[in-house]
Every structure is written in C-alpha cells, then in structure tokens.
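Student: After the structure tokens below, expect a handful of questions from me.
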Amino acid sequence: MSFSAETKNELSRVEPEKKCCQLAEISGFLRVSGSLRLVGGGKFKIVITTENPAVARHYKKLIKEYFQVDTELEIGEAPGPKKGHAYMLTIDPQMRSEQILRETGILLVREGNNYISDGIYSSLVKTKCCRKAYLRGIFMGAGTISDPGKSYHLEIVCGSRNLADDLRKLINTFVDLSAKVVERKGHFIVYMKKSEYICDTLAIMGAHTRVLEFENIKIQKGLVNDTVRITNCDNANTDRTLDASERQIESIKKIERIKGLASLPDKLREAARLRLEYPEASLTQLGEMLDPPMKKSGVNNRLRKIEEIAAKL
C-alpha cells in the first residue's frame, strides 16, 4: 500500500468531536469529491466518489452522524485506466440534499438565485480546529503524498483557481507552513515540497503515525547521505595521498639515479627510504615509523625538501 493510501486510512480513523469540525471536514471532502446531478424540479442529487474504502466508510458514518442521513453506498469500477473499485455515496433530494449543499457552503444565493460556489465558505473555517478538519477532508478527497523515501511532495488537486487560492491561504494560516499553487492540465494544484512543511501538515491533519514514519525515513536518508559524503571525502583524501606519494617517489628515484641517495642528509635519506618501502602509507603512518617518531607536518617538510632537491637536478 502506498504512503498516500496509508495516510488516508489513518485519517479516516480520526473522529472530530465538535459539530463545527464535523461540518468543516464533510465540507472539505464534499467540495472536491462530490458532484451534482439534476433530477427534475430543480432538485439535486449528490454523488460522492472515492477510491478508498476506508474513506467511504468514514464519510458515510460522519454524514449520518451530523445530518442524520443514511447515504446509499455503491461499488463500481474506478474511472480511467486505473484498476480497482470506486465507492459512491449518494444523497437524494428526499435525504435533504439541498439542505446539505447549503450548510456546506456549496449552494448559495445571490440576488435571489441559487448558484454553486467554487471557493471555501469562510463561515466554516473561522476557528483553528475547523481549519484543521477542513484540510483533512479536502486532502482525503483530492490529496496525495509521495513516499518520503523517494521524494518530498504533497499536493491537493482543485477544480478552480478560486478554490486553490482559498486553500493556499487556509494552509498558510498555520505557523511555519507555506503552500504554493500551480496550474496543470486544467486543474490547479496546491502543493508543498519542503519536508518540514509536509511533516507539520500530516500532524495538523491528525496522521501522527505517518509523522513518525516520515521522520524515521528522513533520519535514515540523512544517515545514508552523511555516509556517502564521508565516503566521498575519504576517497578524495586517498586519491590525494596516492598522487602525492607517486610524486615523491619519482623525486626520490630521480635523486637515486643521478646522485644516489647517499647524497641526502641522514634525516632526508631515512624519509626517502620509508617512502619507497611504503608507497601507500599516509604521512602520519610514515611519521610513526621514524625513529624518533615525527608528526605529519615534520614528515611533510622532509619530503617537500626531497622534491625541491630533485627539481634542481
């Protein structure tokens, strides 16, 4: 199961206790997952669709608890090339569908005429707890989150620019959160790519188990990245040591060929002998072999003098 599906499964177990939060969550979910069908006489039938069975069960229960309406649940094939099932909740006019549309801020009145709004009804999200609930609902309806082991990306697909802008503003009311909007294939996407924002959003919605999993994956990725950096650094240091060793050996052999190593002072001759004998040893290791032992800087000075002598020949 994907990380996104696991997140929605966990969120479907969150039960808002306050009536205002129940309404806000239903409104967020209905806004992106619901569709309206005219059934004659200017009446509406609401069809709510999701591909997650846990989410379908959650909203069937939540709608019944808040509106005292027992929605009809049907199972069909998922639309498009996806394999799987689609779960549809139906609310007919006799189930007070118009009242539900008005109370969720979807069906409004302007100049005496009904119209379908396309943003977030501000009265539903006046308090922080209701904003959390609305965000949870709209994420379960149209949100996805990438596996944090692969990338950091959370997005919610909105059908209009107005809804996307309202949702971005709602998310940005939370401290230290920042969402952006981009248009893609006729839809408007509210998204976040920063891992801290995504983790905080999961916590705000109530997916605390996913927060722990997200943080664990982040730590593991950090350890792997640190290991790679250290390994690369070690490899670079090894390469530099070998390059310097080859250069020093060439200088020593040049002196040996032209003047002989006996021409070198005793201290330089001892350093040259050890370098020839241990070409892959570091300066620190060579220093430990000298009698008396020397620090890295002392060995480096002796080998540098040998290279200077060879350069003059």
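The values are calculated or read from the model by the stated rules, or taken from the named source; none is laboratory data. Computed from a predicted model, the values in this text were never measured in an experiment. Quick reminder, even Gly has a Cβ in these numbers, built from the backbone with ideal geometry, and neighbours come from all protein chains shown. Heads up: the accessible areas ignore ligands, DNA and RNA and are worked out on the full protein's heavy atoms, side chains in. Shrake-Rupley method; radii C 1.70, N 1.55, O 1.52, S 1.80 Å.
Student: Would you mind stating whether Asp176 is more than 30 Å from Glu280 (Cα to Cα) and either open to solvent by less than 30 Å² (accessible area, probe 1.4 Å) or at pLDDT below 95 (or both)?
Tutor: It is true that Asp176 is more than 30 Å from Glu280 (Cα to Cα) and either open to solvent by less than 30 Å² (accessible area, probe 1.4 Å) or at pLDDT below 95 (or both).
Student: Tell me, please, whether a residue that is open to solvent by less than 40 Å² (accessible area, probe 1.4 Å), over 16 Å from Ile204 (Cα atoms) and assigned to a strand (DSSP E or B) can be found in segment 15-32.
Tutor: Checked segment 15-32: no residue is open to solvent by less than 40 Å² (accessible area, probe 1.4 Å), over 16 Å from Ile204 (Cα atoms) and assigned to a strand (DSSP E or B).
Student: Taking the criterion of being β-branched (Val, Ile, Thr), surrounded by 15 or more Cβ atoms within 10 Å (Cβ to Cβ) and farther than 25 Å from Leu167 by Cα, would at least one residue in segment 44-67 satisfy it?
Tutor: no
Student: Residues Leu73, Leu38, Leu89, Leu11: which one is out of contact with any His (no Cβ under 7 Å at 6 or more places or on another chain), surrounded by 14 or more Cβ atoms within 10 Å (Cβ to Cβ), modelled with pLDDT under 90 and among the aliphatic types (A, V, I, L, M)?
Tutor: Of Leu73, Leu38, Leu89, Leu11, the one residue that is out of contact with any His (no Cβ under 7 Å at 6 or more places or on another chain), surrounded by 14 or more Cβ atoms within 10 Å (Cβ to Cβ), modelled with pLDDT under 90 and among the aliphatic types (A, V, I, L, M) is Leu73.
Student: Tell me which residues, restricted to segment 284-309, are open to solvent by less than 10 Å² (accessible area, probe 1.4 Å) and more than 15 Å from Arg273 (Cα to Cα).
Tutor: Answer for segment 284-309, where residues must be open to solvent by less than 10 Å² (accessible area, probe 1.4 Å) and more than 15 Å from Arg273 (Cα to Cα): there is none.
The rows are residues; the columns are (1) within 17 Å of Leu11 (Cβ to Cβ); (2) β-branched (Val, Ile, Thr).
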| residue | (1), (2) |
| --- | --- |
| Arg168 | no, no |
| Asn172 | no, no |
| Val175 | no, yes |
| Glu183 | no, no |
| Phe188 | no, no |
| Cys199 | yes, no |
| Ile204 | yes, yes |
| Thr209 | yes, yes |
| Leu212 | yes, no |
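Student: Quick one: which helices (runs of 4 or more DSSP H) lie wholly within segment 81-180 and hold at least 2 residues that are among the acidic types (Asp, Glu) and within 29 Å of Glu196 (Cβ to Cβ)?
Tutor: 161-172
Student: Also, I was wondering about something else. For Glu288, only one of the following conditions fails: (1) under 17 Å from Glu246 (Cα atoms); (2) of a type in the set (D, E, K, R); (3) part of a helix (DSSP H, G or I). What is its number?
Tutor: It fails just one condition, (1).
Student: Looking at segment 131-147, is at least one residue of a type in the set (Asp, Glu), open to solvent by 20 Å² or more (accessible area, probe 1.4 Å) and within 24 Å of the chain's Cα centre (by Cα)?
Tutor: yes
Student: Give segment 240-281 a look and list any residue that's among the small types (Gly, Ala, Ser), surrounded by 14 or more Cβ atoms within 10 Å (Cβ to Cβ) and in a helix (DSSP H, G or I), or say none.
Tutor: Ala244, Ser245, Ser251, Ala271, Ala272
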